[in-house]
Amino acid sequence: MGKLLIVGTVAFDEIETPFGKTDKILGGAATFIGLSASQFNVETGIVSVVGGDFPQSDIEMLQNKGIDTTGIEIVEDGKTFFWKGKYRNDLNSRDTLVTDLNVLADFKPLVPKHFTDTDFLMLGNLHPTVQMDVIKQIPVRPKLVVLDTMNFWMDHALNELKEVIAKIDVITINDEEARQLSGEYSLVKAAEIIQKMGPKYVVIKKGEHGALLFHDGKVFFAPALPLEEVFDPTGAGDTFAGGFIGYLTSTNDISFENMKRAVIFGSNMASFCVEKFGTERMKELTRQEIQLRLRQFKELTQFEIELA
Ligand code: AMP
């Protein structure tokens, strides 16, 4: 079984969408990535930090999904990272209302010994120096290193972010962030510029408009499944990343052809995440549901055409 190490936030989120709002609920990039990747046959571990206010029941929920939580540090007298966001009516754009780093501000990640030989490394959205610190703790370079980030770190730690981007294989970011990072409006040109910064593969997530995979002059597109109900897009990007790397880890194949399939698996997982608030849908998701929806994906994208 392939090993996958995930670093990222384990958090409290407060979310407002046109359909309602939540109190503080479980969130965080590593939480969504872990829940998504745990649907594949992989040995998954999370490196993160939470405060003494974080419920033990949520740690146990992750463990029950087969996720190794020994890398989640608990700072008893600290508070868990908190993020509050509000979606506009189109659900494609959101405003961050609060980002309280709390225990994340002084976080020194520690990769558990039994994960220092990980095959795959997922650097979830987090301070780029923490992402770099984790890379340095792994003596033999993993087969594939995937990084996810967001505009917050481009605004607050751009130089550190560029340093870590130079060391990774795949970057997953959304369209606005790709434009911000590259300074280019065209996503094709943006992907070219970002590839020159380090990663040979660039995945640009476009929310309900799917995802693009760029590599060496080639491009592949996976649509998002048109859903009847989109309730809360929070975590969709992370869930996509978890499906993407979970599939690659379980197949142990990092060819471009397999990465195309991984993008489909990622989109498939993300389509569930948005159906309920926070992690609710991902917690109850079954493998049968995943298989069934993959069929829908196939039907959505397959067509016969005679070419001259
Ligand atoms: P996504 O919707 O995929 O972009 O991810 C949403 C998750 O990212 C939420 O559960 C938040 O807890 C987490 N998050 C929000 N802002 C940050 C940040 N600056 N750094 C790390 N994680 C964040």
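The values are calculated or read from the model by the stated rules, or taken from the named source; none is laboratory data. From a predicted model like this one, the values you see are computed outputs, not experimental measurements. Don't worry about glycine lacking a Cβ; one is built from the backbone with ideal geometry, like all the others, and counts go over all protein chains shown. Side chains are part of the model used for accessible areas, which takes the heavy atoms of the whole protein and leaves out ligands, DNA and RNA. Shrake-Rupley method; radii C 1.70, N 1.55, O 1.52, S 1.80 Å.
Descriptive notes on the structure:
- Within the span defined as segment 203-211, every residue fails to be away from the ligand (no atom under 16 Å from the Cβ) and either at pLDDT 95 or above or in contact with a His (Cβ under 9 Å, 6 or more places away or on another chain) (or both).
- Residues satisfying the stated conditions in segment 170-198, i.e. surrounded by fewer than 19 Cβ atoms within 10 Å (Cβ to Cβ), free of Cβ contacts under 8 Å to residues at least 24 places away in the same chain and within 24 Å of G210 (Cβ to Cβ): R179, G183, E184, Y185, S186, K189, E192, I193, Q195
- With respect to being within 23 Å of M150 (Cβ to Cβ) and surrounded by fewer than 24 Cβ atoms within 10 Å (Cβ to Cβ), V202 falls outside the description.
- A search for C-beta distances below 7 Å between a residue of segment 137-156 that is of a type in the set (K, R) and any residue that is more than 16 Å from the ligand (Cβ to nearest atom) and assigned to a strand (DSSP E or B), counting only pairs 6+ apart in sequence or on different chains, returns K143/F120.
- Being within 16 Å of the ligand (Cβ to nearest atom) and either free of Cβ contacts under 8 Å to residues at least 24 places away in the same chain or closer than 26 Å to L91 by Cβ (or both) is a condition met by at least one residue of segment 36-54.
- Residue in segment 250-260 that is buried (at least 23 other Cβ atoms within 10 Å of the Cβ) and among the β-branched types (V, I, T) present: no
- Each residue in segment 123-140 was checked for being part of a loop (DSSP other than H, G, I, E, B) and either within 15 Å of the ligand (Cβ to nearest atom) or open to solvent by less than 40 Å² (accessible area, probe 1.4 Å) (or both), and 5 pass.
- Residue list for segment 24-78, filter: modelled with pLDDT of 95 or more, outside any helix (DSSP H, G or I) and open to solvent by 50 Å² or more (accessible area, probe 1.4 Å): K24, E43, D53, K65, G66, T70, E73, I74, E76, D77
- For segment 159-169, the criterion of being open to solvent by less than 50 Å² (accessible area, probe 1.4 Å), more than 27 Å from G2 (Cβ to Cβ) and more than 15 Å from the chain's Cα centre (by Cα) is met by at least one residue.
- Checked against (1) open to solvent by 20 Å² or more (accessible area, probe 1.4 Å); (2) more than 16 Å from S271 (Cα to Cα), V145 passes all but a single condition, namely (1).
- Failed condition for E16, given (1) within 16 Å of the ligand (Cβ to nearest atom); (2) farther than 22 Å from L285 by Cα; (3) surrounded by 19 or more Cβ atoms within 10 Å (Cβ to Cβ): (3)
- Output for segment 77-104, where each listed residue is within 15 Å of G278 (Cβ to Cβ), away from the ligand (no atom under 11 Å from the Cβ) and among the β-branched types (V, I, T): none
- Residue match in segment 93-106 (condition: in contact with a helix residue (DSSP H, G or I) (Cβ under 9 Å, 6 or more places away or on another chain), open to solvent by 20 Å² or more (accessible area, probe 1.4 Å), closer than 19 Å to G2 by Cβ and in contact (Cβ under 8 Å) with a residue 40 or more places away in the chain): no
- Matching residues, segment 19-69, being within 17 Å of the chain's Cα centre (by Cα), closer than 14 Å to T9 by Cα and of a type in the set (F, W, Y): F32
- Residue check, E306 more than 18 Å from the chain's Cα centre (by Cα), charged (D, E, K, R) and open to solvent by 40 Å² or more (accessible area, probe 1.4 Å): yes
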